[in-house]
Each structure stands twice: as structure tokens, then as C-alpha cells.
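A.B. asks: Structure in C-alpha cells, see below.
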Amino acid sequence: MFRKVLIANRGEIAIRVAATLQQMGIRVACVYSDADRRALHVARADEAHRLEGNTSAETYLRGDKILDIARRNGVDAIHPGYGFLSENAGFAQACREAGVTFIGPSPEAMRAAGDKISAKRAAERAGVPTVPGWLGDADDGLKGVFEQAKRIGYPVLIKAASGGGGKGMRVVHEEGELQSSIEAAQREAAAAFGNSRVFLEKYISRPRHIEFQIFGDTQGQIIHLFERECSIQRRHQKILEESPSPVLTPALRDQMGQAAVRLAKTIGYTNAGTVEFMVDEQGAFYFLEVNARLQVEHPVTELRLGHDLVKTQVLVAAGEPLPFRQDELIPNGHAIECRICAEDASRGFLPSIGTIARYAAPSAPCVRVDSGVHRGSEVSVYYDPMLAKLIVWGRTRQEALERMSWALRRFVILGVTTNIDFLQDLIAHPDVHSGRVHTHFLNEHPDIGQHEVHVPTEAIVAAALADRLSKRGSSSNGKQGREVSETESGPWQSAGSWRNG
Ligand code: ADP
């Protein structure tokens, strides 16, 4: 087993991974940027190494610097978390060449999964249904695209082969918009991914997003750990995730789980991954993409199965067989996750920055909080605004929703504006209660969370006191911290596509 593992990440995921490693008796090394020198993940690690600079590009995305730190400090393995270097096949390859184990899939599997066109081809080979579309031609490019779009039928969706985080995606409703939309998507894809290749898909109206957790070991065993439904999204970013999906029948669940495993076998997948599907209004399912990493929403699966997915990742990376067989996995009850972010729902979800003046997370049976912050943490302009994840378990979906509602009411974060009120509004919505949701649900309900933030009086008093004691700025008018303009929030965008994963 590894003696020392370096976590190439920050925030809640670095802290969550450190907890498992320490429980396994493994020493935890972390890295931190200048902006993060007092961050919680640094305090939780057994040793910390500085990455000079602030932006992701200068720090957490510098695979060369991170690998150098690993080599000089006797690190056996690197856990990449999600985002940053987690799906970078070149980094996984460099780790392999340096003799440091990368805790994740092989670079080969990552390449096969990372390109949407090759993943779609693999799905077709595995007999997994894909969205009707057209992949274009490597030599002839988009010659014949007008006939192809007509054949597929409008509306069509243009997608980037290397896409992520919804970038390079355009919906086209009629032929007149096709050419200019393709050009815009190509420009966006070239700028974001260095690859302008795009392809066409039928645009599915009101799909549900349902994904399967998969796991493979180096002995060739591949299994699935059931589904998570993540249909509630904003600009392709997941907001609420749950398991089981309220709409899957046992037969459909079985079919989709088997499809996910077949696809994973086709690309020789190892370690943790997620196969994403869309399910249309008729109940037909289509392969969407493979995320070759640990997913943000993995705790939903952990609560239902009682298995630590990070521990499983570490065991498998160390060459051990999967610690469970498919027929030993029996999911229990219902789990829901909400992502707590420093953003203002009443102002177009603009990120909010500042110092956390008060932090009180809910605590009760079956309530889990994976947090990256505590009182005094700086929420800066440099990284993604997700502060914590709140995950609850209930025997039934109804019980889980009641527990989530209670936990959100007890979650107090002052000093920055958060989306907690928005989430309370969201889970109280009758359509969320009845499970009648799809990926455009929030677009169709722009009123959700559109009110001034209400902070309980006692929390304001506590914050004012804390403010006095610490002499740090925190307003007491409900709106807190400082809002960030669209241009200022630029560096957050560079964190990649993990927010949808
Ligand atoms: P990315 O990798 O950029 O996140 P995905 O392929 O995972 O892109 O798609 C992101 C989201 O876009 C999906 O969760 C779904 O909501 C929507 N989407 C993708 N493909 C289609 C489609 N063919 N029809 C309708 N919606 C789609």
C-alpha cells in the first residue's frame, strides 16, 4: 500500500480525499497556491507544498510542478480529485513515466473517454444507444452538413469533440442559423480546448440526466454502482443530485447499468468513472459521455451503498481487486446532494467573494457536509465558488427531502452571499417533490429563488459580533461579501468541466 499520497487539488474535495487517506494510515501531502496559504485543506494535510502564484493556470493546473514536488518528497501516488488535472491524460502519462501512481483511469482509457466522438463510437461498438446525429468526417470536415442536419431533423445540437462544461455547444432551430452557429461553436471550442472539431446531435427536448457510477480494477472486473439523477441544472451545471432516480423502473435500471458496464469494458476502463445518459420523455435512453474521474456528486452513491469510493479508488490503484462484486451491492434508501455555492441567485448567480464571518453547518443523523471552508476562510476570485456539499439520506425520497429542507434551514454562512435560500426554494417546489423535472426545469422556472436573501436575525447579530471582534468587513443587510463582475470571475471558468460532473 502507498505510504504517502499527494492530493493535487483544493477545497472540499482535497479535504474529503485526505480524510480517507488518513483513515487508511497513509500520509497526506497537499499543494496550495498563494491565495490558499491559509486554506482549510492545508491545515488538514500532514505536509503542504507551495505552488507559486494564484490562478489555476499558475498553480493547480501545473502538472510539471506538482510532479516535481511529488518526486522530491517521496510521494508514491497522486490523487487528482475532480477538475484541474483529473482528466488530463498527458498528466496521467507523465505520472506513469515518473514512477508515481496516478489514482484514476489509465491515460489510454482517459483518451478514449475524453473525446466525445471516440466515446460515441465506442458506445456504438458496445451496442449502447446514442443520440441520433452525425459525427462528420475526419478528412472532409463538415461537407454535407446541411443535408445531415435536415436528415436528423431540427432542432439540432452542435457539440465540440473535446467539449466540457457546456462549452462549444449550440442549439440550432432552423437551417438559416446552422452555418453561423457552427462557426461560433468551432471558435469557442478552439479557444477552450485547442480543437475546433464539432459534430451534430438531435436536440432532445426535456431530457432527464441520469448517470451510472462505474468501477474497474486492474484484474479486468468492471461493475456499476447504480445511478444518480442530476436533471436539475443551470447552464449545464448540476445543482441537485439524487439516487435513486424517481423515474427508473427496475428493468430500465438494469438495462442502463449493463450498458454502462459494456461501454466501460469496450474502452478497457479502470478505477472510478461515470457513464452519463439522457432519458427522453418516452423513457428511451441515450449515451451522453464518460467522465473519467471521481464525480462531485459521488457521496450520493456512498450514502446509499455504504462504501467509501475514494478508498476503493486507492485500493484499485494499488493493484488490489475490487472489494465487492456486482451482486453484493444492495442500495439502500434515498440520498440527495445540494451544492452550496458563493453566488447570488437574485443577481443572475453572480459569484460573491469575501471572508466567511460565520460558518455553522447542520449536524444530525444521516446528514453529511463535505466542506472546503470554515470561519475566516477567504472566498477569492481565483477558484470555483462551490463552498460545500450538503448530502442527506432518508429511508424514502420524502424523508430525504424533509431532511434536506431542515438541513438547509440550519446551514448558516455569513460574509459571502450563498445560494442556500435558492436551494430551499428549489426543494420546496411541487415539481421537485413529485420528481417531474428535466434538464430545462430551471429555465422554465426562472422565478425560483428570485427574492432578496433572508438571513435569520440571530445570525446577523452573531455576524455583527464576530465582525467587531475580528474587525473584518461583513455587512448585515442580508447581502454579503462583494459581488464579482463577469470579467472578474474569469479565472473560475478555467477550472474545467467538473461542475457538470
Ligand atoms: P459537457 O461535456 O460540455 O458537459 P455533455 O455532453 O455532458 O456536455 O452535455 C451537457 C448537458 O447538455 C447535458 O447534461 C444535457 O443537459 C445537455 N445535452 C447534451 N446533449 C444533448 C442533446 N442531444 N439534447 C438535449 N440536451 C443535451
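A.B. asks: Going by what's in this entry, would residue 278 be described as on the phi < 0 side of the Ramachandran plot, surrounded by 15 or more Cβ atoms within 10 Å (Cβ to Cβ), under 17 Å from the mean Cα position of the chain (by Cα) and of a type outside the set (Val, Ile, Thr)?
C.D. replies: In short, yes.
A.B. asks: Let me ask you something else. Which residues, taken from segment 187-232, are modelled with pLDDT of 95 or more and polar (S, T, N, Q)?
C.D. replies: Scanning segment 187-232 gives 213, 218, 219, 221, 231.
A.B. asks: Oh, and also: Just to be sure I understand the filter: pairs with C-beta atoms under 7 Å, separated by 6 or more residues or on different chains, first member in segment 224-246 and outside the structural domain of residue 391 (by TED's automatic domain parsing), second member assigned to a loop (DSSP other than H, G, I, E, B) and at pLDDT below 95. Which pairs pass?
C.D. replies: 234/349; 235/166; 236/165; 236/166
A.B. asks: For segment 169-183, state whether one or more residues are assigned to a strand (DSSP E or B) and either in the same structural domain as residue 258 (by TED's automatic domain parsing) or near the ligand (Cβ under 10 Å from one of its atoms) (or both).
C.D. replies: Scanning segment 169-183, I find at least one residue that is assigned to a strand (DSSP E or B) and either in the same structural domain as residue 258 (by TED's automatic domain parsing) or near the ligand (Cβ under 10 Å from one of its atoms) (or both), so the answer is yes.
A.B. asks: Then there's this: Identify the residue in segment 228-244 that is in a strand (DSSP E or B) and more than 14 Å from the ligand (Cβ to nearest atom) and, among all such residues, is farthest from the chain's Cα centre (by Cα).
C.D. replies: 243
A.B. asks: If you don't mind, another one. Could you run through segment 395-436 and say how many residues are in a loop (DSSP other than H, G, I, E, B), β-branched (Val, Ile, Thr) and crowded, with 24+ Cβ neighbours inside 10 Å?
C.D. replies: Of the residues in segment 395-436, 3 are in a loop (DSSP other than H, G, I, E, B), β-branched (Val, Ile, Thr) and crowded, with 24+ Cβ neighbours inside 10 Å.
Here's the yes/no breakdown for (1) within 16 Å of the ligand (Cβ to nearest atom); (2) in contact with a helix residue (DSSP H, G or I) (Cβ under 6 Å, 6 or more places away or on another chain); (3) assigned by TED's automatic domain parsing to the domain that holds residue 165; (4) at pLDDT 85 or above:
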{"residue": "427", "(1), (2), (3), (4)": "no, yes, no, yes"}
{"residue": "430", "(1), (2), (3), (4)": "no, no, no, yes"}
{"residue": "439", "(1), (2), (3), (4)": "yes, no, no, yes"}
{"residue": "467", "(1), (2), (3), (4)": "no, no, no, no"}
{"residue": "473", "(1), (2), (3), (4)": "no, no, no, no"}
{"residue": "480", "(1), (2), (3), (4)": "no, no, no, no"}
{"residue": "500", "(1), (2), (3), (4)": "yes, no, no, no"}
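A.B. asks: For residue 354, which of the numbered conditions (1) more than 23 Å from the chain's Cα centre (by Cα); (2) farther than 28 Å from residue 38 by Cβ; (3) away from the ligand (no atom under 16 Å from the Cβ) fails to hold?
C.D. replies: Condition (2) is where residue 354 drops out.
A.B. asks: Continuing with this model, one more query. With respect to the numbered conditions (1) more than 30 Å from residue 324 (Cα to Cα); (2) of a type in the set (S, T, N, Q); (3) more than 9 Å from the ligand (Cβ to nearest atom), which one is the sole condition not fulfilled by residue 221?
C.D. replies: For residue 221, the failing item is (1).
A.B. asks: Checking the structure you have, find out if any residue of segment 121-136 is touching a Gly at 6+ places or on another chain (Cβ under 9 Å) and away from the ligand (no atom under 16 Å from the Cβ).
C.D. replies: no
Conditions tested, residue by residue: (1) part of a helix (DSSP H, G or I); (2) among the hydrophobic types (A, V, I, L, M, F, W, C); (3) in contact with a Lys or Arg (Cβ under 6 Å, 6 or more places away or on another chain).
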{"site": "246", "(1), (2), (3)": "no, no, no"}
{"site": "252", "(1), (2), (3)": "yes, yes, no"}
{"site": "261", "(1), (2), (3)": "yes, yes, no"}
{"site": "264", "(1), (2), (3)": "yes, yes, no"}
{"site": "278", "(1), (2), (3)": "no, yes, no"}
{"site": "283", "(1), (2), (3)": "no, no, no"}
{"site": "286", "(1), (2), (3)": "no, no, no"}
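A.B. asks: Which condition breaks for residue 153 when tested against (1) over 30 Å from residue 51 (Cα atoms); (2) of a type outside the set (Lys, Arg); (3) within 16 Å of the ligand (Cβ to nearest atom); (4) without any contact (Cβ under 8 Å) to a residue 40 or more places away in the chain?
C.D. replies: Failed condition: (4).
A.B. asks: Restricting attention to segment 73-85, does a residue exist that is in contact (Cβ under 8 Å) with a residue 12 or more places away in the chain, in contact with a Lys or Arg (Cβ under 9 Å, 6 or more places away or on another chain) and either in the same structural domain as residue 293 (by TED's automatic domain parsing) or assigned to a strand (DSSP E or B) (or both)?
C.D. replies: yes
A.B. asks: I would also like to ask the following. Just one of (1) under 24 Å from residue 293 (Cα atoms); (2) without any contact (Cβ under 8 Å) to a residue 24 or more places away in the chain trips up residue 348, so point out which.
C.D. replies: Every condition holds for residue 348 apart from (1).
Table: residues versus (1) out of contact with any Pro (no Cβ under 9 Å at 6 or more places or on another chain); (2) over 19 Å from residue 163 (Cβ atoms); (3) crowded, with 24+ Cβ neighbours inside 10 Å.
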{"position": "72", "(1), (2), (3)": "yes, yes, no"}
{"position": "76", "(1), (2), (3)": "yes, yes, no"}
{"position": "83", "(1), (2), (3)": "yes, no, yes"}
{"position": "86", "(1), (2), (3)": "no, no, yes"}
{"position": "91", "(1), (2), (3)": "no, yes, yes"}
{"position": "96", "(1), (2), (3)": "no, yes, no"}
{"position": "100", "(1), (2), (3)": "yes, yes, no"}
{"position": "106", "(1), (2), (3)": "yes, yes, no"}
{"position": "110", "(1), (2), (3)": "yes, no, yes"}
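A.B. asks: A further question follows. Evaluate the following for residue 316: is it under 28 Å from residue 79 (Cβ atoms) and not assigned by TED's automatic domain parsing to the domain that holds residue 164?
C.D. replies: Yes; evaluated as a whole, the condition is true for this residue.
A.B. asks: I'm trying to understand the selection: among the residues of segment 93-120, which are within 16 Å of the ligand (Cβ to nearest atom) and assigned to a helix (DSSP H, G or I)?
C.D. replies: 110, 111, 112, 113, 114, 116, 117, 118, 119, 120, listed by residue number.
A.B. asks: Among the residues in segment 51-70, are any under 26 Å from residue 116 (Cβ atoms), small (Gly, Ala, Ser) and assigned to a helix (DSSP H, G or I)?
C.D. replies: yes
A.B. asks: Which ones in segment 369-394 are of a type in the set (Gly, Ala, Ser) and either assigned to a loop (DSSP other than H, G, I, E, B) or closer than 16 Å to residue 410 by Cα (or both)?
C.D. replies: Residues satisfying the conditions are 371, 372, 376, 377, 380, 388.
The values are calculated or read from the model by the stated rules, or taken from the named source; none is laboratory data. Please read these numbers as outputs of a predicted model, since none were measured by experiment. No Cβ is skipped: glycine too gets one built from the backbone with ideal geometry, and neighbour counts run over all protein chains shown.
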